1. Please verify whether K106 is at pLDDT 90 or above, open to solvent by 100 Å² or more (accessible area, probe 1.4 Å) and not in a loop (DSSP other than H, G, I, E, B), treating the condition exactly as stated.
2. Considering only residues of the stretch 345-360 that are open to solvent by 40 Å² or more (accessible area, probe 1.4 Å) and in contact with a Leu (Cβ under 8 Å, 6 or more places away or on another chain), which is nearest to E393 (Cα to Cα)?
3. Within the set of pairs 6 or more residues apart or between chains, which connect a residue that is within 13 Å of S54 (Cβ to Cβ) inside the stretch 93-104 to a residue that is open to solvent by less than 20 Å² (accessible area, probe 1.4 Å) with Cβ atoms less than 9 Å apart?
4. Which one of the conditions (1) open to solvent by 90 Å² or more (accessible area, probe 1.4 Å); (2) part of a helix (DSSP H, G or I) does T127 fail to meet, given that it meets all the rest?
5. Just to be sure I understand, how many residues within the stretch 226-240 are open to solvent by less than 60 Å² (accessible area, probe 1.4 Å) and part of a loop (DSSP other than H, G, I, E, B)?
6. Would you mind telling me which numbered condition in (1) closer than 21 Å to Q391 by Cβ; (2) within 33 Å of the chain's Cα centre (by Cα) D316 fails?
7. Please verify whether V202 is among the hydrophobic types (A, V, I, L, M, F, W, C) and closer than 30 Å to H405 by Cα, treating the condition exactly as stated.
8. When the residues of the stretch 76-103 are filtered to those that are within 27 Å of W293 (Cα to Cα) and open to solvent by less than 50 Å² (accessible area, probe 1.4 Å), which remaining residue is modelled with the lowest pLDDT?
Amino acid sequence: MQRFLVLGMILFSFPAWSLTLPEAVDIALKKSSSLQQQSLELEKSELGVKQTRSAFLPSLDLTASYIYTKESPTQRDYDWDSNAAISLTENFYDHGLSYTNFKISKSRRALTELDYRREKSATILRTVQLYLDVLKAQKIEELQSKNTVQVEKVYNLVTAQYRQGVRPRQDFLRFESQYQRAILAQTSAQYDAVKAREDLKVHLDLSEVPAQVSDYQQKAFPSSSDVSIYETEKRSLVQELRRSEENLLKIENWPKLDLVGKLGYGSDSYFQTNTRWEDNDKTFWSVGVTFNWNLWDWGGRSSAVKASHLESFRQDVRTSFDEREAKSAIKKLYDQVKLIQRQYELAERLVKVETENFAFMERDFREGQTSFLNYSTSLSDLISVQIQKIQTEYNLIQTRLELEHRKGYLDEKSVQ
């Protein structure tokens with residue numbers, strides 16, 4: 001009675017609503033604060049590209065001024081002067097400065113996109129892991145419940161036989177112990193299921209705990225090991241970015257040559273004077289070349305170039321280490337997938353054997369042709385291998401998903 005009371009309290013503590021894995025992933029992606037921050041960084045990097053791209057385009061400016069000037073001796077009839085103009089300015093050549101800044105902004109955007117994809121993959125992976133923990137706990141809970149029902153039936157039979165004097169007290173005590181262990185195992189499984197649901201609820205920031213989650217069958221993934229992993233892509237992008245940043249510093253040591261053109265229309269001295277706008281209006285254009293070369297700055301800019309080169313070397317050491325670590329981790333995950341796949345196949349075959357063996361043992365026990373010890377051992381072996389099969393099944397799914405995350409390919413389609 002106590003067992004059913006505990007089970008009832010747990011079951012009725014959950015609202016009657018179900019959650020699928022795609023729904024859980026969708027909720028996680030929308031509520032992840034780290035992913036939201038990465039999304040803002042991505043938007044910021046996109047604005048940086050637009051900003052540096054605008055340096056290649058003409059600039060349209062409207063200017064106006066109204067200035068009071070007092071001169072001694074004076075050469076004008078008025079102290080207030082006015083000016084207004086609209087002009088179109090284009091820098092045709094700036095010794096590669098705009099182009100280098102544009103390359104830097106694109107490299108930073110590519111890095112941010114890569115980090116966004118990585119953070120998204122990590123969010124999906126964590127969500128799937130928690131979801132699968134709930135599924136695994138549900139199946140083990142169902143298995144332990146069936147086991148308790150099975151043990152309870154035999155326990156009631158042995159109890160009746162003991163009271164009739166057919167069974168010795170030793171068999172009765174052994175079965176009572178078996179029955180209590182079954183209840184304990186079921187309660188423990190119920191607790192694990194409650195905890196798994198609560199962990200998923202916290203991760204998804206839900207107001208209610210899902211009463212049930214739908215089963216999940218993983219799709220096949222490409223098994224190629226020569227893909228461009230996240231760490232390899234990042235190292236390449238960081239190297240490209242550092243080269244552009246070094247070039248930007250080197251430009252400061254080069255002779256600077258600017259070619260600028262300007263086209264405009266305006267007028268001056270038209271306000272608070274006797275002249276009209278049309279009296280002094282004009283259309284103007286100009287083209288100019290500016291040359292500048294700093295011959296000596298006490299080594300300041302050359303030191304900046306050297307410091308940038310050292311930083312590039314430092315980052316290359318770090319990213320190359322990360323790349324080696326990632327490749328090693330991926331190789332281990334491939335080996336783990338093969339090993340767990342083999343374990344699952346063995347557990348699957350063993351479940352069939354133990355199921356058939358227990359069926360014979362249960363028949364012989366009811367007919368009094370085998371001992372309690374043999375029956376109890378057979379039942380324990382069956383439950384143990386069934387739980388092992390469930391755990392191995394979900395370990396295999398999670399390891400495969402973790403492998404795809406390490407390779408950088410985990411997205412919403414992976415869990416549909």
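1. Against the criterion (at pLDDT 90 or above, open to solvent by 100 Å² or more (accessible area, probe 1.4 Å) and not in a loop (DSSP other than H, G, I, E, B)), K106 does not qualify.
2. The extreme case among them is T355.
3. Matching pairs, first to second residue: N101/S244; F102/V49.
4. Only one criterion in (1) open to solvent by 90 Å² or more (accessible area, probe 1.4 Å); (2) part of a helix (DSSP H, G or I) is unmet by T127, namely (1).
5. 3
6. (1)
7. Yes; evaluated as a whole, the condition is true for this residue.
8. It comes out as H95.
The values are calculated or read from the model by the stated rules, or taken from the named source; none is laboratory data. Keep in mind that what you see is a predicted model, and the values were worked out from it rather than measured. Here the Cβ is made from the backbone with ideal geometry for all residues, glycine too, and neighbour counts use every protein chain on show. The accessibility values were calculated without ligands, DNA or RNA, using every heavy atom of the protein model including side chains. Shrake-Rupley method; radii C 1.70, N 1.55, O 1.52, S 1.80 Å.
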